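The structure under discussion appears below in the form of structure tokens.
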Number of protein chains: 2
Amino acid sequence: MLKKRTALLLMVAAMICGSLLTFFLSSGNSYAGQAVGGEGLLASITNSAGLKKEEAQKIGTALDLIEGNYYKDIDRSILVDGAINGMMESLSDPYSTYMGQETAQKFEESIEGSFSGIGAEVSLKDGNVVVVSPIKGSPAEKAGIRSQDILLSVNGESLKGLELNHAVSKIRGVKGTTAKVKVKRESVSDPIEFAIVRDDVDLETVNARMEKDGIGVIEITQFSLNTADRFMAELSKLEKQGMKGLVIDVRNNPGGVLAVVIDIAQQFVPKGELIVQVEDKEGKRDKSLSKGSSKSYPITLLMNKGSASASEILAGALQESAGVILVGENSFGKGTVQTSFDKQLGDGSLLKITIAKWLTPKGTWIHEKGIKPNIAVSQPDFFSVAPINKKKSLQYNTNNEDVKSAQVMLNGLGFKPGRTDGYFDQATEKSVKSFQTSKKLKVNGIIDAKTAEALENELIKHIQDPLNDTQLKQGIAEVQKEMKAMASKK
Amino acid sequence: MLKKRTALLLMVAAMICGSLLTFFLSSGNSYAGQAVGGEGLLASITNSAGLKKEEAQKIGTALDLIEGNYYKDIDRSILVDGAINGMMESLSDPYSTYMGQETAQKFEESIEGSFSGIGAEVSLKDGNVVVVSPIKGSPAEKAGIRSQDILLSVNGESLKGLELNHAVSKIRGVKGTTAKVKVKRESVSDPIEFAIVRDDVDLETVNARMEKDGIGVIEITQFSLNTADRFMAELSKLEKQGMKGLVIDVRNNPGGVLAVVIDIAQQFVPKGELIVQVEDKEGKRDKSLSKGSSKSYPITLLMNKGSASASEILAGALQESAGVILVGENSFGKGTVQTSFDKQLGDGSLLKITIAKWLTPKGTWIHEKGIKPNIAVSQPDFFSVAPINKKKSLQYNTNNEDVKSAQVMLNGLGFKPGRTDGYFDQATEKSVKSFQTSKKLKVNGIIDAKTAEALENELIKHIQDPLNDTQLKQGIAEVQKEMKAMASKK
């Protein structure tokens, strides 16, 4: 579960680069082409005069001085890009950025929720590019790529030792081109070669399942253009199965398109109630009212410090206008709206500019503060523990960060190491011995590479078990509580 | 010694901001006005065309889009400055920078080695601005300001709680103006008020003294325009006192003006031998040959990882062309030359641009590698130990960074704490008890605020004692060895 999720996040990260925590304004329901909204705003710009004489002179003089005097050759176009980057940085707003052509393209793919490639979620394991799972209906799945396949090379170029980003860029490519992929599969001794024709692949941003007692769980990983449709499809499927309660999970969801999150919120906010208010420079507010209706079943929303932007709009709307209980951690705190301008610069590059604040239905600006959950629940320490460096054995009287990691792991697994501050005392030694006994390892109380590896494997299993997802458990428990309360009222 | 030096560095840091690690090319011996050298280089620029049409268009479009759409009001001049900053950043060269008017002025004062103010070295202690020492002959000294005076306010504005930079900017001011300074002196119950007329104050960049056996020590803190004259004055004074060997100390010296370090190197490099080679973009080398002569007495040079730029030129020249032994740590590794352009932008701002590499006499480019000492000596750990957080007592079985600091201090002072990894074991407890006994404190083996303070005070004394400056001792020892060798040859 977590492993898959982590791998997925990695792939998304590898794909969309710096565009996380982004949030887009779409003024209408339709989304036409690339530049999101902004047409109205643009009108005022078209007539603008460009650089004033003294501005052009100062910037031009600087550019000439650099080009003429710098001790290395430097391309003027790099300096021009640098100038635009620098203007964006002078705003001290991390969400206003300039993207060159390549980054801009990846960014737009992420907004659209699709990209051109073979359609395999990959992660890095011991320097190998490993398939987590082929995306349903993708060229990779159709060709027969399976989970756990190791991708050795693409069109003859080895992927060994590459960073994930770099490897992904080699696997992906223009729609219609062929990727000859050499694959190592455990059950087969020789590498297998697949010829896969690249195609448009939808990013899976919605994962749904039914838990016991008729409680549905829908995870939204980001708000891309196709996310609202996918969400509604999954929601209606769960409802048809007789869902009695719902947990919406936007943990680690960095945001996405405004119109999309409004569409999703409308499924739960009563008609005519506020979803979000967008406030411009002059303080004028554009209020989004729900055209939908409320649900009869109880709902909780899971969020954490990685839930940002559109995720926070959803959390704010559901909490304030639909009485949904928020469970988890304080959210990220991004209360601004960006729009992208990509036609104006004329060369495929784009400017993403913060154009407004957004406020919750009650008018709160959550920027840099985030939204407080109704029920605060953290994941246990062991969810974020660092791996153990296996080069040196750890034993009684050792004192370092690796011992600390091992202690957090032993503690998470219930082996009571006594302390978790990195000092290997006698209680820790006893705890290691118990763990070694349980795993049928040599019982010596020393954490060597073998014991460390066993400890880490056991922890991964533990993390993957939904029973240990404290936040999810709490979210489900809240839904159950409300279900009972509703039943007793009947 | 260290305390004074640290305080001095703080003041310099407070004064010259980001200009450390800077190194300037002066093409001739004369230094006219502000822009250092570069007149020849400029000729090729004057005829340049400024921004090309498409460059102006792209930058202008971006500027208009930002100004027109950003969710806050933004001044166009900030965006223009941002653009120039961004062009400099696109070079990925930390030494090429754009400075606004205020920073530019401080920068030039640092290059000139003088500034306008009252002339007191100050440091921050418990939130108070404390005088380390008044600079000789300065208005502060003449007015009667003494070491350890606490500066409470200037012209009625309190300095309490300000950052050092901020406080310094309030104390300093235009030559001829008066600073009414309210001072708390320990021996006097009420604050004393001084009216001090600000004047030009020379930064002291050279400190010299004679150690035993006729060994002179000259410390150079940076290479400002007046540093060569000051160095030669101190050198000649020491020689007149019959100096038999010399230690030159450029530890933590961030660099300065090229012509100045060449002048200093000439005192030791035989006539006609190479001091430094400056190589331009085309690979053409401008070789600086010594017009001076070598010395008959042995010389060592002390350097550390804070010795950069001009300090490394001196180290390289003395090592390769004068047979001087380098003692200490690998140097910083800055092998480039900058020049400043401050007239061209026309508004007091300036561009500092890397225009060339410099190479040692043998043609080595030490950039990002530094120079290896002939004799590697580090200062003991306790020279860089962090202070102890005094809010919580430390005792047996505590395990944290504060215990680590205390152990390093106890170890440095000879109280053998057993381990220095932050775990407070029985050996550490015994060591604390010995320390408490020696200081006539309550002997309980617990590091409370009182014991921690006593420990820190004792350590400061220990660091201030030149006998504990391992690098200096080694530098002197080398000189003594050579002196002996020379004597035996006679």
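The values are calculated or read from the model by the stated rules, or taken from the named source; none is laboratory data. Values in this document were obtained by computation on a predicted structure and should not be read as measured data. Backbone-built Cβ (ideal geometry, glycine too); neighbour counts: all protein chains shown. Accessible surface is based on the protein model in full, side chains and every heavy atom, while ligands, DNA and RNA are left aside. Shrake-Rupley method; radii C 1.70, N 1.55, O 1.52, S 1.80 Å.
Does segment A:43-59 contain any residue that is within 13 Å of chain B (Cβ to nearest Cβ), modelled with pLDDT under 50 and open to solvent by less than 30 Å² (accessible area, probe 1.4 Å)? Yes - at least one qualifying residue is present in segment A:43-59.
Among the residues of segment A:430-445, is any within 14 Å of another protein chain (Cβ to nearest Cβ), part of a helix (DSSP H, G or I) and out of contact with any Lys or Arg (no Cβ under 8 Å at 6 or more places or on another chain)? No; the residues of segment A:430-445 include none that is within 14 Å of another protein chain (Cβ to nearest Cβ), part of a helix (DSSP H, G or I) and out of contact with any Lys or Arg (no Cβ under 8 Å at 6 or more places or on another chain).
Can you tell which of A:Ala376, A:Ala406, A:Ala427 is within 30 Å of A:Lys212 (Cβ to Cβ) and either at pLDDT 95 or above or in the same structural domain as A:Tyr297 (by TED's automatic domain parsing) (or both)? Before you say what the answer is, go through the steps one by one.
On the way: A:Ala406 fails: within 30 Å of A:Lys212 (Cβ to Cβ); A:Ala427 fails: within 30 Å of A:Lys212 (Cβ to Cβ).
Of A:Ala376, A:Ala406, A:Ala427, the one residue that is within 30 Å of A:Lys212 (Cβ to Cβ) and either at pLDDT 95 or above or in the same structural domain as A:Tyr297 (by TED's automatic domain parsing) (or both) is A:Ala376.
Residues that are surrounded by fewer than 18 Cβ atoms within 10 Å (Cβ to Cβ) and assigned to a helix (DSSP H, G or I) were ranked within segment A:69-79; the one that is nearest to the other protein chains (Cβ to nearest Cβ) is A:Ile78. Given the criteria over 24 Å from A:Gly363 (Cβ atoms) and assigned to a strand (DSSP E or B), does A:Ser296 qualify? Taking the combined requirement at face value, the residue does not satisfy it.
Of the candidates A:Lys372, A:Lys362, A:Lys352, A:Lys343, the single residue that is in contact with a Phe, Trp or Tyr (Cβ under 9 Å, 6 or more places away or on another chain) and basic (Lys, Arg) is A:Lys352. Picking from A:Ile447, A:Ile476, A:Ile460, which residue would you name as being in the same structural domain as A:Lys416 (by TED's automatic domain parsing) and in contact with a strand residue (DSSP E or B) (Cβ under 7 Å, 6 or more places away or on another chain)? Going through A:Ile447, A:Ile476, A:Ile460 in turn, the sole match is A:Ile447.
Of all residues in segment B:182-211, those that are modelled with pLDDT of 90 or more and assigned to a strand (DSSP E or B) total 16.
Residues that are over 16 Å from A:Gln267 (Cα atoms) and modelled with pLDDT of 95 or more within segment A:212-249 comprise A:Gly214, A:Ile215, A:Gln241, A:Gly242, listed in sequence order.
Take segment A:80-93 and flag every residue that is farther than 15 Å from B:Met87 by Cα and either within 7 Å of another protein chain (Cβ to nearest Cβ) or without any contact (Cβ under 8 Å) to a residue 60 or more places away in the chain (or both). So that I can check it myself, show each step before the final result.
First, pick out the residues of segment A:80-93 that are farther than 15 Å from B:Met87 by Cα: A:91-93.
Once the filter is applied, which keeps residues that are farther than 15 Å from B:Met87 by Cα and either within 7 Å of another protein chain (Cβ to nearest Cβ) or without any contact (Cβ under 8 Å) to a residue 60 or more places away in the chain (or both), segment A:80-93 yields A:Leu91, A:Ser92.
When segment A:417-429 is filtered for residues that are away from every other protein chain (no Cβ under 14 Å) and either in a loop (DSSP other than H, G, I, E, B) or of a type in the set (Ser, Thr, Tyr) (or both), nothing remains. Within segment B:94-105, the set of residues being more than 8 Å from chain A (Cβ to nearest Cβ) and either under 14 Å from A:Glu67 (Cα atoms) or in contact with a strand residue (DSSP E or B) (Cβ under 7 Å, 6 or more places away or on another chain) (or both) comprises B:Tyr95, B:Thr97, B:Met99, B:Ala104. Could you list, ordered by first residue, the pairs with Cβ atoms under 6 Å in which the first is in segment A:427-445 and under 19 Å from A:Val403 (Cβ atoms) and the second is in a helix (DSSP H, G or I) and of a type in the set (Ser, Thr, Tyr), at least 6 apart or interchain? Filtered contacts from segment A:427-445: A:Leu441/A:Thr451; A:Val443/A:Thr437. A search for C-beta distances below 7 Å between a residue of segment B:293-320 that is closer than 16 Å to B:Thr227 by Cβ and any residue that is charged (D, E, K, R) and open to solvent by less than 30 Å² (accessible area, probe 1.4 Å), counting only pairs 6+ apart in sequence or on different chains, returns B:Ser307/B:Arg251; B:Ala308/B:Lys334; B:Ser309/B:Lys334; B:Glu312/B:Lys334.
Has segment B:474-490 got at least one residue that is β-branched (Val, Ile, Thr), touching a Pro at 6+ places or on another chain (Cβ under 9 Å) and either under 27 Å from B:Val324 (Cα atoms) or open to solvent by 60 Å² or more (accessible area, probe 1.4 Å) (or both)? Break it down stepwise before answering.
Taking segment B:474-490 first, the residues β-branched (Val, Ile, Thr) are B:476, B:479.
Narrowing further to those that are touching a Pro at 6+ places or on another chain (Cβ under 9 Å): B:479.
Narrowing further to those that are either under 27 Å from B:Val324 (Cα atoms) or open to solvent by 60 Å² or more (accessible area, probe 1.4 Å) (or both): B:479.
Among the residues of segment B:474-490, at least one is β-branched (Val, Ile, Thr), touching a Pro at 6+ places or on another chain (Cβ under 9 Å) and either under 27 Å from B:Val324 (Cα atoms) or open to solvent by 60 Å² or more (accessible area, probe 1.4 Å) (or both), which makes the answer yes.
Filter segment A:299-338 down to the residues that are part of a loop (DSSP other than H, G, I, E, B), open to solvent by 10 Å² or more (accessible area, probe 1.4 Å) and in contact with a Phe, Trp or Tyr (Cβ under 7 Å, 6 or more places away or on another chain) and list them by number. Walk me through it before giving the result.
Taking segment A:299-338 as the starting set, the residues that turn out to be part of a loop (DSSP other than H, G, I, E, B) are A:304-309, A:323-324, A:329-335.
So of that shortlist, the ones also open to solvent by 10 Å² or more (accessible area, probe 1.4 Å) come out as A:304-306, A:323, A:329-330, A:332.
Those that are part of a loop (DSSP other than H, G, I, E, B), open to solvent by 10 Å² or more (accessible area, probe 1.4 Å) and in contact with a Phe, Trp or Tyr (Cβ under 7 Å, 6 or more places away or on another chain): A:Lys305, A:Gly306.
Residues in segment B:152-160: is at least one surrounded by fewer than 18 Cβ atoms within 10 Å (Cβ to Cβ), acidic (Asp, Glu) and either in contact (Cβ under 8 Å) with a residue 40 or more places away in the chain or not in a strand (DSSP E or B) (or both)? Within segment B:152-160, not a single residue is surrounded by fewer than 18 Cβ atoms within 10 Å (Cβ to Cβ), acidic (Asp, Glu) and either in contact (Cβ under 8 Å) with a residue 40 or more places away in the chain or not in a strand (DSSP E or B) (or both).
The C-beta contact set for segment A:278-291 (first residue over 18 Å from A:Gln338 (Cβ atoms) and assigned to a loop (DSSP other than H, G, I, E, B), second residue open to solvent by less than 70 Å² (accessible area, probe 1.4 Å) and hydrophobic (A, V, I, L, M, F, W, C), distance under 6 angstrom, 6+ apart or interchain) comprises A:Ser290/A:Val269; A:Ser290/A:Ile275. Once segment B:159-187 is narrowed to residues that are touching a strand residue (DSSP E or B) at 6+ places or on another chain (Cβ under 8 Å) and small (Gly, Ala, Ser), the residue that is nearest to B:Gly127 (Cα to Cα) is B:Ala167. Look at (1) within 14 Å of another protein chain (Cβ to nearest Cβ); (2) in a loop (DSSP other than H, G, I, E, B) and you find that A:Lys391 fails only one, number (1).
In segment B:252-277, the qualifying residues are those that are at pLDDT below 95, at negative phi and in a loop (DSSP other than H, G, I, E, B), and the one that is least open to solvent (accessible area, probe 1.4 Å) is B:Asn253.
Applying a threshold of 6 Å to beta carbon distances and a minimum spacing of six or more residues, or different chains, the list of pairs starting in segment B:339-353 at a residue that is under 15 Å from A:Gln57 (Cβ atoms) and touching a residue at least 12 places away in the same chain (Cβ under 8 Å) and ending at one that is part of a strand (DSSP E or B) and of a type in the set (Ser, Thr, Tyr) reads B:Leu351/B:Tyr98.
So which residues in segment B:402-416 are part of a helix (DSSP H, G or I) and open to solvent by 30 Å² or more (accessible area, probe 1.4 Å), if there are any at all? Matches in segment B:402-416: B:Asp402, B:Lys404, B:Asn411. Is there a residue being hydrophobic (A, V, I, L, M, F, W, C) and over 22 Å from A:Gln474 (Cβ atoms) anywhere in segment A:281-295? Yes: segment A:281-295 contains one or more residues that are hydrophobic (A, V, I, L, M, F, W, C) and over 22 Å from A:Gln474 (Cβ atoms).
Please go through segment A:343-366 and give me each residue that is away from every other protein chain (no Cβ under 11 Å) and either open to solvent by 50 Å² or more (accessible area, probe 1.4 Å) or assigned to a loop (DSSP other than H, G, I, E, B) (or both), ordered by number. Break it down into steps so the answer makes sense when it comes.
Kept after step one, since they are away from every other protein chain (no Cβ under 11 Å), are these residues of segment A:343-366: A:348, A:359-366.
Answer for segment A:343-366, where residues must be away from every other protein chain (no Cβ under 11 Å) and either open to solvent by 50 Å² or more (accessible area, probe 1.4 Å) or assigned to a loop (DSSP other than H, G, I, E, B) (or both): A:Gly348, A:Thr360, A:Pro361, A:Lys362, A:Gly363, A:Thr364, A:Trp365, A:Ile366.
Check segment B:170-181 and report whether any residue there is part of a loop (DSSP other than H, G, I, E, B) and in contact with a helix residue (DSSP H, G or I) (Cβ under 9 Å, 6 or more places away or on another chain). Break it down stepwise before answering.
Taking segment B:170-181 and keeping what is part of a loop (DSSP other than H, G, I, E, B), we get B:172-177.
Cutting the leftovers down to in contact with a helix residue (DSSP H, G or I) (Cβ under 9 Å, 6 or more places away or on another chain) gives us B:172.
Yes: segment B:170-181 contains one or more residues that are part of a loop (DSSP other than H, G, I, E, B) and in contact with a helix residue (DSSP H, G or I) (Cβ under 9 Å, 6 or more places away or on another chain).
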